[in-house]
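Just below is one structure, and these are the notes that go with it.
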Amino acid sequence: MDNAFAHRIALVDCNNFYASCERVFQPQLERRPVVVLSNNDGCVIARSNEVKELGVPMGAPFFQWRERLERNGAVVFSANFPLYGDMSRRVMCVLAEAAPDFEIYSIDEAFLGLDGLADPVGHCRRLQERVLRWTGIPVAIGVGPTKVLAKIAGRLAKKQPRWGGVKELKRDDELEDVLEELPVNKIWGIADRLAKRLKRSGIYSARRLRDADERWITRKLGVVGQRLVYELRGIACLELDSQPAPKKGICTSRSFGTPLETKDELAEALAEFASRAAEKLREQDSAAGVLTAFIMTGHFAGGPKYYNSATRELPVASALTPELIAAALEGLERIYKPGYPYRKAGVLLSGIVPAGAVQRSFFDKLGRPTAPTKNPRRRGERLMKTLDRINDELGSDTVHYAATGTRKVWSMRQSHRSRRFTTSWRELPVVRA
């Protein structure tokens, strides 16, 4: 087709992101095995290259590999998401200055539009150096005419040292070899189930999928699969999304390091989750009309099992923290049963609408003016803006609702967490001279 290979798109991918964040503030960890664990120190969620060479798979239960990691001198960290989130923001700020078209794809990946650049590879090498110098985070960059081919190029840049961390795929014989050698289940957007279906039809590689009959693709894979095949052919179908649509559902939940049994403990946890969910709502300038609270015992732990949830439809879609906390606690009253060791709880918000499109209700008590110039709901909205501004400037949880508690016995187990070097005044890096 005429518009094939007409664009240049780069995928910037941070190398071993969580492990790299830990190394930025502890450079003595260079060339030492580093692993980062999930919530409650359960599974391995990030590995340095040295740990990958030990054969530790992603998602492996930590207790199964602990002895081997310790024997090889590995340094273990609990997940430190405040640090990783802030380091991601810094990397994305550097990338956003490098290209007018920019899409944050995940905490450690971003797409850049490079159309019009005479030397995209040279530009990416300079960008790679700038990110490392300004943030300390190493990145690999893949360049291609489409997002899917940029992802494939990024995989080569990361896996094969000869490319120096930057690789471009063009329309040439090398692209044919790369697609022939790439298993179909390694293509971005192909899940295991779909890969098995393709293999049953004799499609084992990216090249075979690209060259498959178009009518067969449409019949078997639908429009989504057709777009994927076009992307492999160099025809851009997935545009850069610089302004992602607001989320239609927000869930804040957590597994507990120690099981909770009392209602008061669960109430504190649910109040905290409702507060976090309300903050996420306000960040995207939305309000929720429905709140669901749930509690559950562990799937695998011994003892009695119990799961239940309660849904409450709010009279008016809201992002007010106290209103959402009240709905969550009302739900807990309906579903709590004593005598069970609860391992997880959470809050799910749905019925999300833009804050400016909230339909007012005659039955909304908060919306009734108590005086010509006093409206409790509007006053609450101003209070939320003030609360968010204070917490943004002085750190998360500087001001919070008392219902979330102070001891937080339900907090995650984080025996190996590093300091929150960039987000907490009390944990700033120490310089000795």
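The values are calculated or read from the model by the stated rules, or taken from the named source; none is laboratory data. Since we're looking at a predicted model, the values are computed, not measured. So basically every Cβ, Gly included, is an ideal-geometry build from the backbone, and we count neighbours across all protein chains shown. Protein only, heavy atoms only, side chains kept; ligands, DNA and RNA dropped before computing areas. Shrake-Rupley method; radii C 1.70, N 1.55, O 1.52, S 1.80 Å.
How much accessible area per residue does region 308-433 have, counting only protein heavy atoms and a probe of 1.4 Å, in square angstrom?
Details: 8200 Å² over 126 residues.
With all protein chains present, region 308-433 gives 65 Å² per residue.
Placing R0 at 45 angstrom, the Cβ-Cβ distance between Glu393 and Ala4 gives a FRET efficiency of 0.35 after rounding to 0.05. Within the full protein context, the accessible area of Arg130 is estimated at about 70 Å² for a probe radius of 1.4 Å. The label-point distance for Gln28 and Arg312, in a model that sets each label 7 Å from Cα toward Cβ, rounds to 5.1 nm.
For region 46-88, with all protein chains in place and a probe radius of 1.4 Å, 50% of the accessible heavy-atom surface sits on carbon or sulfur.
Provide the packing ranking of 331-341, 137-147, i.e. peptides ordered by the mean count of other C-beta atoms within 10 Å per residue, highest first. Show your work: numbers first, answer last.
Numbers: 331-341: 14.7, 137-147: 24.5.
With the highest mean Cβ count within 10 Å placed first, the list reads 137-147, 331-341.
For Glu70 and Ala402, calculate 0.36 nm times their separation in residues minus their Cα-Cα distance, and state this gained length in nm to one decimal. Don't jump to the answer; show the numbers that get you there.
Details: separation 332, 0.36 × 332 = 119.52 nm, distance 4.12 nm.
Roughly 115.4 nm would be gained on extension.
Calculated from the alpha-carbon coordinates, region 172-249 shows an Rg and a Dmax of 13.8, 45 Å respectively.
Taking 0.36 nm per intervening residue step and subtracting the Cα-Cα distance, what contour gain separates Arg162 from Ser201 on full extension? Present the calculation step by step, with values, prior to reporting the outcome.
Numbers: separation 39, 0.36 × 39 = 14.04 nm, distance 3.50 nm.
Roughly 10.5 nm would be gained on extension.
Taking square-rooted eigenvalues a ≥ b ≥ c of the alpha carbon gyration tensor, is the chain rounded, prolate or oblate, where a/c under 1.5 means rounded and, failing that, a/b exceeding b/c means prolate?
Values: a/c = 1.68, a/b = 1.45, b/c = 1.16.
It comes out prolate by the Cα gyration axes.
So, in region 220-333, how many Lys pairs have Cα atoms under 27 Å apart, if the pair is 8 or more places apart or on different chains?
Numbers: Lys247/Lys280; Lys248/Lys280; Lys263/Lys280; Lys263/Lys305.
Total qualifying Lys-Lys pairs in region 220-333 comes to 4.
If you roll a 1.4 angstrom probe over the protein chains with everything in place, what fraction of the accessible area of region 390-433 belongs to carbon and sulfur, to the nearest %?
Numbers: 1740 of 3340 Å².
The computed percentage sits at 52.
The apolar share of the surface of region 105-264, taken as the fraction of accessible area on carbon and sulfur atoms (1.4 Å probe, ligands and nucleic acids excluded), comes to 47 percent. Averaged over residues, the count of other Cβ atoms within 10 Å places the peptides 348-361, 285-298 in the sequence 285-298, 348-361, highest first. One decimal place: the segment Glu381-Arg193 gains 63.1 nm when fully extended, by the rule 0.36 nm per residue minus the C-alpha distance.
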